[in-house]
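Asks: Input: one structure, supplied below.
The values are calculated or read from the model by the stated rules, or taken from the named source; none is laboratory data. The model shown is predicted, which means the values in this text are computed figures rather than measured ones. Cβ atoms come from the backbone with ideal geometry, glycine included; neighbour counts cover every protein chain shown. Ligands, DNA and RNA are stripped out before the accessible areas are found, and what is left, the full protein with its side chains, is counted by its heavy atoms. Shrake-Rupley method; radii C 1.70, N 1.55, O 1.52, S 1.80 Å.
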Amino acid sequence: MKALVLAGGAGTRLRPITHTSAKQLLPVANKPVLFYGLEAIRDAGITDVGLVVGDTAAAIRAAVGDGSSFGLDASYVRQEAPLGLAHAVLVARDFLGDDDFVMYLGDNFIVGGIAQLVEEFRTTRPDAQILLTRVPDPTEFGVAELNDAGQVVGLEEKPQQPKSDLALVGVYMFTSAVHEAVQHLKPSGRGELEITEAIQWLIDNGRKVTSTTISGYWKDTGNVADMLEVNRMVLETVEPRQGGMVDAGCDLIGRVVIEDGAQVSGSRIVGPVIIGAGSRVTDSYVGPFTSVAPDCVIADSEIEYSIVLRGASIRGVRRIEASFIGHDVQVTPAPRVPKAHRLILGDHSRVQISS
């Protein structure tokens, strides 16, 4: 069995961060989201992985390499444009051959992994097995309709009037039958080859499609709010560790990770928190559910429930919360006089100012 990991896409909902970074490489608890998926695939006993890449191919290749650091054998499939999940299956045909495979969206996060689900698929071998979860707003997802016997009878992508609240989770398992389905597709109204339509084709042509409704934790980390929520959840599982330097004037409470080479002085750290290697925290408060990447500076400031990316500096800022601070960003106080806001913002930025 192989794995097809989708690691392309523009990440429009995470702009401006994704103007310069692949969305799959944005960190959760200081580890790229993509890595959690690759580890879940490995733990399910799959080693042959194809990564579908687009404009950020170089960054994905640099991060994953040949896959050996994950215990995987990684190949790369170029998708010239993000033309849909089924299009990714189409362009990966040579890599997939006639093998069964799991398709995993590289920006999705599932607690507990997929080992049990893959084993179930290997045992029963339907032509497609999909994962479902109940969501408050199904119009944002592919939606499944089940009959009274719990069988999948219909699928629709981002419907205006959903027939259920069961959304497709970003993990799919297929036999080679899906290739025939994909060949019959035409672009949808969104201009994409929809995987929901491919699965619907299998249903309509008498192929076996099964579903599993998961009650565990799943997130599509496609926006900042979801990134912060997944970061919170992962930090809940960390074990305290002190690898860097912490002086006697510090107060560390709860699950706090100080990575090797980090320096913390005169500060109060309330976990769960992770302070990355080479970062310096001085005379500051770092509150729960905060990840500080390597080589950052936090001085005379307060921050909590936030993600801070590599090389950022926050100096003299009294309170930051529920924020996503990008690579090499500098956050400083505004001059007291004149009373005005001075901003340098990239495209698609969003700023909230307390006047």
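Asks: Quick one: net charge around V33, please, counting Lys, Arg +1 and Asp, Glu -1 for every other residue with C-beta under 9 Å from its C-beta. Spell out each step's value before the answer.
Replies: Values: positive: K23, K31; negative: D107.
Local charge sum for V33: +1.
Asks: How high is the relative contact order of the chain, in percent, counting Cα pairs under 8 Å that sit 6 or more residues apart?
Replies: Value for the chain: 13 percent.
Asks: Cα-Cα over 28 Å: which of K163/K208; K31/K208; K186/K208; K2/K31; K158/K208; K158/K186?
Replies: Over 28 Å apart, Cα to Cα: K31/K208.
Asks: Considering only protein heavy atoms, what per residue accessible area in square angstrom results for the chain with a 1.4 angstrom probe?
Replies: That works out to 47 Å² per residue.
Asks: Would you mind pulling out the separation of the Cα centroids of segment 264-297 and segment 100-166, in Å?
Replies: 38
Asks: Next question, about the same structure. In a solvent-free Debye calculation with one equal scatterer on each Cα, what is log10 I(q)/I(0) for segment 1-157 at q = 0.09, 0.15 Å⁻¹, listed in the order of the q values?
Replies: One equal scatterer on each Cα of segment 1-157 leads to -0.30, -0.87.
Asks: Over all alpha-carbon pairs in the chain, figure out the percentage whose distance exceeds 40 Å.
Replies: For the chain, the fraction of Cα-Cα distances above 40 Å is 20 percent.
Asks: How large, in percent, is the carbon and sulfur part of the accessible surface of the chain at a probe radius of 1.4 Å? Write down the numbers at each step before the final one.
Replies: On the way: 7810 of 16710 Å².
Its accessible area is 47 percent carbon and sulfur atoms.
Asks: Next up: Connecting C-alpha atoms closer than 10 Å in a GNM of the chain, tell me which of I114, I199, I253 has the biggest fluctuation.
Replies: In the Gaussian network model the winner is I253.
Asks: If you don't mind, another one. Once amide H atoms are built 1.01 Å from N in the peptide plane, which residues 5 or more positions from V246, or in another chain, come under 5 Å H to H?
Replies: Those qualifying (amide H under 5 Å, at least 5 residues apart or on another chain) are V264.
Asks: Follow-up question, since we're still on this one. Per residue of segment 55-63, in order, report the coupling 6.51 cos²θ - 1.76 cosθ + 1.60 (Karplus, θ = phi - 60°) as ³J(HN,Hα) in whole Hz, putting x for Gly and Pro.
Replies: Couplings: 5, 9, 4, 4, 5, 5, 4, 5, 7 Hz.
Asks: Related question: Residue by residue, what Karplus-based ³J(HN,Hα) values in Hz, rounded to whole numbers, does segment 317-326 have, using 6.51, -1.76 and 1.60 with θ = phi - 60° and x for Gly and Pro?
Replies: In residue order, the calculated couplings are 10, 6, 7, 10, 8, 6, 10, 10, 9, x Hz.
Asks: A further question on this structure: Under a 5 Å amide H to amide H cut-off, with H placed in plane at 1.01 Å, what residues pair with L51 once short-range neighbours are removed?
Replies: It is V5, S75, Y76, V77, by chain and number.
Asks: Give me, ordered by chain and number, the residues 5 or more places off L252 or on other chains with an amide H under 5 Å from its own placed amide H.
Replies: Here the answer is I269, since their amide H atoms fall under 5 Å of that of L252.
Asks: Another one. Heavy atoms only, 1.4 Å probe, whole protein assembly: order D127, D283, D94 by accessible area, highest first.
Replies: Ranking D127, D283, D94 by accessible area, largest first, yields D94, D283, D127.
Asks: List, in order, the whole-Hz ³J(HN,Hα) value for each residue of segment 44-54 obtained from phi through the Karplus relation with A = 6.51, B = -1.76, C = 1.60 and θ = phi - 60°; use x for Gly and Pro.
Replies: 8, x, 9, 10, 8, 10, x, 9, 7, 10, x
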